[in-house]
Structures are given as C-alpha cells and as structure tokens.
Amino acid sequence: MGNITQGAVDALREAIGGEVCQPGDTGYDEAVNIWNGAISRRPGVVVRCTSSTDVAVALSFAKRDGLEVSVRGGGHNYAGFALTDGGLMIDLTPMKEVRVDPDNRRATCGGGTTWGEFDAATQAHGLATPGGFVSRTGVAGLTLGGGLGWLSRLAGLSCDNLVGAEVVTADGRVVHASDTDNPDLFWALRGGGGNFGVVTEFEFALHPVGPLVHLGLFLFSPDQGGNLFRFAREFVRDLPDECCAFLAGLSAPPEPFIPADLHFAPAYALVVVGFGDDVAHAQLIAPIKEALTPIVELVTPIPYVALQQMFDAAAPWGLHSYEKAVYLDELSDGAIEVILEHQATKMSPLSFVPIFVLGGAYRRADGNSTAFGGSRGIRYVVNISASTPSPDEYEAERAWARGYWSALVEHAVGVGGYVNFMTDYDEDRVRNAYGTKYDRLQAVKAAYDPHNMFHLNANILPAG
Ligand SMILES: Cc1cc2nc3c(=O)[nH]c(=O)nc-3n(C[C@H](O)[C@H](O)[C@H](O)COP(=O)(O)OP(=O)(O)OC[C@H]3O[C@@H](n4cnc5c(N)ncnc54)[C@H](O)[C@@H]3O)c2cc1C
C-alpha cells in the first residue's frame with residue numbers, strides 16, 4: 001500500500017472538479033458511511049467525483065502513489081467493497097443526473113444514482129426498467145452484477161436492459177460500451193460486476209409501467225408455511241409476464257396495516273404484484289384466498305415508486321448484515337422442509353429470507369448475451385440475509401445463515417450463487433458463480449484491467 005502525502009492530496013484537490021477529503025474533513029464521514037454497519041474500513045482519501053475526468057485523474061493519482069482503489073455507487077454491497085482500508089475511494093455519489101427520453105424509451109443516469117432517484121425520473125413519464133426491491137440501492141452495483149427486481153418477469157434483469165455505458169478504464173481512457181462499441185466490454189459489464197472500469201453513465205431501455213400497479217400482499221403464520229409453499233409452487237408456474245410473485249420468511253414488520261400483536265412475529269409472506277389491469281389481477285390472486293387463510297392481507301393499487309420503497313424500512317442503514325444465496329429449480333418437498341426448519345430457528349427479527357420467483361422475460365433471455373452467471377432456467381433465488389442491530393448478536397446470526405445455506409444448497413442447482421447476494425467472495429466461489437463464462441471474463445479483464453486495479457468486487461483474475 002502506498003503513502004498519501006499532504007502535498008499530493010493538495011495537488012489532487014486542484015485537479016478535481018469535485019471534492020477530495022481525508023479523515024476529519026467535512027464530507028468524509030458521509031462518504032464512507034455504507035449500508036452494512038459490520039464493515040468499518042477507512043479509506044485514506046476519498047475523491048467525490050463529478051465527471052469522468054475526475055475519475056480518470058483519481059485513478060492516475062492512485063496508480064502513481066500505489067494506492068488500492070475502491071468504487072462507491074450506492075454503498076449497498078454486503079461485503080462493503082465501496083471501502084478500501086487506507087487506499088483511495090472513488091465516490092460517485094455526486095453523479096446522479098437522470099435524463100429521460102420518453103419518445104425513444106431510453107434513460108441515462110450517472111454512476112452514483114440510486115434506484116429511487118432513477119424511478120422518480122422515469123415514472124414521471126409512466127416508464128421504468130427493472131431495478132432492485134429496495135429503492136436506496138445503487139443502480140451501478142446492482143446492474144453490473146445482474147439486477148433482480150419486481151419487473152424481472154416483465155422485462156428481465158437490470159443488465160438485460162442496459163443498452164450502453166460510459167466507462168473509465170484502469171489506464172484512464174473514457175470509452176463507450178454498447179453492442180457496437182467495445183462489445184466485449186459491454187458483454188462483461190452486464191453481470192461481470194465492477195471488474196472492468198468505473199461506469200460513470202448507464203443507458204437503459206424503458207418499458208411502460210404504472211404509475212399505479214396492483215399489490216396483493218399476504219402474511220401467514222409459521223404453521224401455515226408448508227401449505228403456503230406447496231400452494232405457491234403450483235400458483236407461480238403459469239403466472240403471466242405482467243405479474244411478479246415473491247415469497248419470504250420474515251418477522252412481520254411494524255407497519256400500520258399489520259395488527260400490533262403481530263408486529264415482529266415470525267411469519268411467511270406471499271406478495272403478488274400485477275402490472276396489467278386491476279380485474280385481471282383480482283382474478284389472478286383469487287385462488288390464494290380460496291386455498292389459504294392469510295393472517296394479514298393488503299390488496300390495493302399502489303404507485304410503482306411506492307412499491308419500490310415498500311421494503312426500505314425493513315432494510316435500514318447501519319445493520320450488521322451477512323447474506324448467502326441459493327438457486328433452486330423447484331421448491332421441492334426437501335427444500336421446503338429445510339426452509340421451514342431453519343426459519344424456525346431465526347433469532348433476529350431483522351433477518352429476512354426473500355425467495356425471488358423467476359420466469360417470463362428472465363427465462364426467455366439469451367443466457368449467452370450477457371455475463372450474468374445464473375442460469376436462465378432456474379425458477380427461484382433464495383437469499384438468506386442475516387441482520388442484527390448490534391455486533392453482539394451478529395456472529396450467531398451469521399452462523400444461522402451459513403447453516404441454512406449449507407442445508408439448502410443440497411437442493412440447489414450447483415453451488416455457485418448470485419454475485420450480488422454474496423458476502424464471502426473467495427476465488428472458487430466467484431468461478432462457480434460464473435461457471436463456463438469465467439474464462440471469457442478473464443480475457444476481457446486482461447484487456448481492460450491487466451493489473452487488477454479493480455479488485456474490490458467479485459474479483460475476476462486477469463487471464464495469464
Ligand atoms: C438492502 C439491500 C437490498 C438489495 N436488493 C436487491 C435486489 O432486489 N436485487 C438485486 O439484484 N440485488 C439486491 N441487492 C444486492 C445489490 O445488488 C448489491 O449489494 C450491489 O452491489 C449494490 O450496489 P451499490 O452500487 O449500491 O453498491 P456499492 O457497495 O457502492 O458497490 C458494489 C460493487 O459495485 C462496484 N461499483 C459500484 N459502483 C460502480 C460503478 N459506477 N462502476 C464500477 N463499479 C462500481 C463496487 O466497487 C462494488 O464492488 C440488495 C442489497 C441490499 C443491501
């Protein structure tokens with residue numbers, strides 16, 4: 001690790017349009033405050049970039065002084081990869097401009113934009129692209145790793161909808177990536193994570209969505225879990241693309257629509273969101289109440305932007321968090337048994353196991369057209385997320401998540417997980433996550449980042 005001299009930092013300040021800060025400076029604590037409270041790395045210098053030129057200058061400074069580089073988009077990575085210990089952090093938070101071209105159904109946004117900011121701009125035109133389930137997550141990290149969300153059955157992953165990107169590469173060049181410009185880089189950016197450069201601008205295809213969509217949220221008591229999962233695996237099989245379903249093992253949140261005596265009680269959830277008309281949605285969800293007796297139900301139209309914020313309060317900033325995920329082809333009886341057994345031993349009410357139901361456009365997408373590592377044939381992603389308010393309970397809750405994963409992976413499609421739902425990123429795990437795409441990713445890495453400057457990520461080692 002190199003040294004940071006005051007003279008060099010002063011020169012960097014002169015050269016940068018944005019701010020440069022070090023520990024103790026105004027803006028430093030805000031910049032290094034990331035979502036996962038379990039991570040406490042302290043960058044030696046933070047460059048709050050306002051342009052791709054700032055990013056190029058910061059990279060050249062880091063290279064000259066031998067500093068490790070980290071890149072911050074929305075700061076939501078569980079492993080805390082936005083932070084380097086002692087090195088230089090490129091903070092893209094100031095780069096949030098969103099421009100919408102409603103006629104061509106396209107939107108561009110800066111590398112530090114959050115999904116909440118992106119959705120607000122596109123929904124002003126009744127348009128959207130698949131983003132995550134929490135509105136404060138960064139467009140950057142989520143898209144570069146894949147991007148699963150409410151619209152994934154309708155329109156695929158976030159990365160499936162990326163049509164172009166501006167990238168600052170390790171040698172300081174500013175390049176455009178698309179199907180026609182640097183197509184190898186464009187392929188790798190869509191799923192290969194932050195390995196290939198700093199993305200300063202994303203361009204997405206948009207789809208007509210909302211502004212009102214149809215929510216059907218049902219909660220069930222723990223003893224109804226088995227019946228719920230056996231019902232749900234048939235129910236979701238033939239869902240239309242205009243509908244997204246989501247299952248979860250959780251503790252009932254203290255929301256006004258939930259009776260006070262159920263707040264924080266262990267429960268299961270089935271959420272079905274319709275993007276088509278209300279009558280079709282009512283018909284679609286009718287079988288749920290015919291087959292099951294939910295303890296809570298909320299069936300209502302809801303603005304798409306509110307849907308995108310629905311889980312924000314359940315995932316507050318600063319929790320001590322850990323996650324691991326499993327891809328399942330089916331909710332087999334064996335998998336259901338594991339889920340029920342391990343949900344029953346969850347200790348923290350903040351731990352949450354969302355089960356994403358895939359299908360539609362996600363499954364129809366050509367798996368080779370992007371670097372996304374997951375199979376397009378899978379039906380479920382189970383994300384085991386352990387969160388505690390303080391470090392005291394963290395180790396035990398993390399052990400719970402690891403035990404849950406080890407039991408469930410017996411029923412999984414391979415052991416490779418989704419890179420956006422990992423906390424431990426050793427080389428084997430990353431290789432497994434990309435499977436046969438790993439060699440091609442290594443070749444692209446060698447072409448754009450041969451010295452592995454961008455290694456604080458699901459790291460792909462340069463070929464050779
Ligand atoms: C509460 C919560 C909810 C989530 N929900 C979902 C979900 O619904 N669907 C889903 O698919 N995932 C979800 N995730 C996972 C999420 O996709 C990843 O954590 C992702 O890394 C977050 O991106 P970020 O920009 O916020 O994170 P950061 O921590 O800022 O960055 C993550 C990684 O991307 C790199 N990076 C960031 N910005 C850039 C850039 N501009 N250019 C190049 N590299 C960059 C970083 O170096 C780092 O390696 C969720 C995570 C959390 C904590």
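The table for this structure:
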item	result
Likely footprinting exposure, Lys324, Lys289, Lys437, Lys63, fewest C-beta neighbours within 10 Å first	Lys289, Lys63, Lys437, Lys324
Those lysines that a straight Cα-Cα span of less than 16 Å connects to Lys346, excepting residues fewer than 8 apart in one chain	Lys324
For the range 1-33 versus the range 78-141, the gap between their alpha-carbon centres in whole angstrom	24 Å
Assigned charges on the beta-carbon of Lys, Arg, Asp, Glu; the chain dipole about Cα centre (debye)	540 debye
Rg/Rg_globular for the range 218-299, with Rg_globular taken as 2.2 N^0.38 Å and Rg from C-alpha atoms	1.09
Between helix 438-448 and the chain: long-axis angle, C-alpha atoms, 0 to 90°, nearest 10	30 degrees
Residues of type aspartates and glutamates that Lys63 reaches as a straight line, Cα spacing below 15 Å, ignoring anything fewer than 8 places off in the same chain	Asp54, Asp171, Asp449
In degrees, nearest ten, helix 333-343 long axis to first principal axis of the chain (Cα)	70 degrees
In degrees, nearest ten, helix 52-64 long axis to first principal axis of the chain (Cα)	70 degrees
Cα-centred dipole magnitude for the range 36-162, charges only on beta-carbon of K, R (+1) and D, E (-1), debye, nearest 20	140 debye
Whole-Å distance, taken between Cα centres, linking the range 253-304 and the range 419-464	40 Å
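Where a number appears in this text, it was derived from the coordinates with a stated rule and is not lab data. In this text, all values refer to a predicted model and were calculated from it rather than measured experimentally. Note: ideal-geometry Cβ built from the backbone for every residue, glycine included; neighbour counts use all protein chains shown.
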